[in-house]
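Take a look at the structure below.
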Amino acid sequence: MFKAAKLGLVGILIVVLLAACGSNSSSDGSTNKSTEKITLTIWNNWSGQDAKAVAMRKILEDFQSENPNITLEIEALATDGLKTRLRTAAAADEMPDLFVMWPGAMTKEFVQGDLLQPINEFLDQNAEWKNNFIENALVDFTVEDNIYSVPMNLAPSSLLYYNEDLFKQYNVKVPTTWDELLQAVDTFNANNIIPIALGNKANWVAQSTTFSTIGDRVTGTEWFLKAVDQSGASFTDPEFIEALKLYQELGEAKAYQEGFNSIDENQMLQLYTQGKAAMVINGGWAVAGLVNTASEEILNATNITILPTVDGGKGAAKTTAGVVGTGLGVNKKLSGAKKDAAMKLFYALAGPDGQKATLESSTLISYNLELDPSKANPLFIKLTELMKETKIVPVYDSKLSSAAVEAINNGLQELLLGGDPEDIAKRIQAAQAGAVN
């Protein structure tokens, strides 16, 4: 847990954000008409050239132009860098005014560290917006009946992207079972094609994009949630050891290119877009990157499916790990005109217009908006159709404690290079038990 300084009994001033009399909502979610000069700091992970990042940066630019009294100090980092920076800032109680954060474990830890302020009042004043999120979208941003953010996207984290041209060229079946996946790996290796591109330098990638789904396939969701709570299940249980051993088979089969722990997620996608890899396992967010960086030839050849089933596994088959998506955290210390300005920016990014911009950037959303097929990239249409029949199960790093996430991420790096599954399981169990008990 974070050792953030408590703010004691200082009350939070509730600022009424309704538009002029009688209105329940406003076009921008606030009534900040002040000409007072205000500076807002915002940290985000919109640093890349994917369509989502480009769309969010455009909203920030437009907001700055339309609100000359509000100066934005923007810090954009890659996802792993942002997570590290946030945890460092949390430990020192030096959070920015607004920041991209993750639902589930991170939100709960920030609340326990007294770092966030709830947005219930703001949501209630914009009821039409609040009530248009998909079912249960706000659950993982809710702690003890207080809502701390809303999802700005929808993030299935574990999908199999594959090059149909390469599959046809080498007569490989798109894998629907674990054995078929291993057979595909063997065939591509025999033809000097990287079977699956992996960039696990930022060590969350293997866990989030692949192992979370494999783990669920083997153990089932109910077991995992019990292990998270340390209530009737342990990460040293046989089923979890089996999941680790199953994933290790990919390392033993040389499913990934050499040096996979030395390159990042962007370099991983480059191996795929350059035609050097037949497959890449990544989240739904990868489509926004592919449509902006891949050649027309690669885009036309790319299809998407879920990870294969596991014979005898306890988990459901038509699933992918994932979360409702990242949200914006609001610093607990904000009040008055500065809080007004922050909530206005919050609404610009996460309100209906922000959700529409996200959807149009080939990124799934947790908000009820219809996709216009005539304007959507064909690959994104494939993704939306796939997700209509695919259930999302918990991604490990949205539920586990920070210590256990670090243990499993580091452990999977070792596992793929021949590490001992039982030893890795013991470390994960010790970390989670220490955080829960």
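General observations
- The spacing between the range 362-437 and the range 53-76, judged by their C-alpha centroids, is 30 Å.
- Estimated 222 nm signal from helices in the chain, with DSSP H stretches of n ≥ 4 weighted -39500 (n - 2.57), rounded to 500: -12500 deg cm²/dmol
- Net dipole in debye of the chain [+1 Lys, Arg Cβ; -1 Asp, Glu Cβ; about Cα centre; nearest 20]: 580
- Stretching the chain fully between residue 375 and residue 41 yields a gain of 116.9 nm (0.36 nm per residue, less the alpha carbon separation).
- Cleavage-rule hits (trypsin sites (Lys or Arg not before Pro)) in the range 294-338: DSSP loop, at most 13 neighbouring Cβ within 10 angstrom: 318
- The simple spin-label model puts a point 7 Å past each Cα toward its Cβ; for residue 368 and residue 143 those points are separated by 2.9 nm.
- Accessible area (Å², 1.4 Å probe, nearest 10) - residue 201: 130
- When the charge dipole of the chain is built from unit charges on Cβ atoms (+1 for Lys and Arg, -1 for Asp and Glu) and taken about the Cα centre, the candidate among 225, 77, 183 whose Cα reaches farthest toward its positive end is 77.
- Cβ-Cβ FRET estimate between residue 179 and residue 356, R0 fixed at 25 Å, reported to 0.05: 0.05
- FRET efficiency for residue 226 and residue 121, using Cβ-Cβ distance with R0 set to 35 Å, rounded to 0.05: 0.50
- Model label sites at residue 254 and residue 234, defined 7 Å from Cα along the beta-carbon direction, differ in position by 3.9 nm.
- Amide H contacts for residue 41 (H built 1.01 Å from N in the peptide plane; partners 5 or more residues away or on another chain; cut-off under 5 Å): 73, 97, 98.
- Length-normalised contact order for the chain - Cα pairs under 8 Å, 6+ apart - percent: 26
- The chain: radius of gyration over Cα atoms, expressed as a fraction of 2.2 N^0.38 Å: 0.99
- In plain terms, the C-alpha convex hull of the range 140-212 casts an average shadow of 7.4 nm² when viewed from every direction.
- At R0 = 35 Å, FRET efficiency that the Cβ-Cβ distance of residue 299 and residue 92 yields, to 0.05: 0.20
- Protection proxy ranking of 97-108, 125-136, 185-196, by the mean of other Cβ atoms within 10 Å over each peptide's residues and highest first, is 97-108, 185-196, 125-136.
The values are calculated or read from the model by the stated rules, or taken from the named source; none is laboratory data. Owing to the predicted nature of the structure, the values given are computational and were not obtained by experimental measurement. Please note: Cβ atoms are built from the backbone with ideal geometry, for glycine as well, and neighbour counts cover all protein chains shown. Just so you know, the surface numbers come from the protein's heavy atoms only, side chains and all, with ligands and any DNA or RNA stripped out. Shrake-Rupley method; radii C 1.70, N 1.55, O 1.52, S 1.80 Å.
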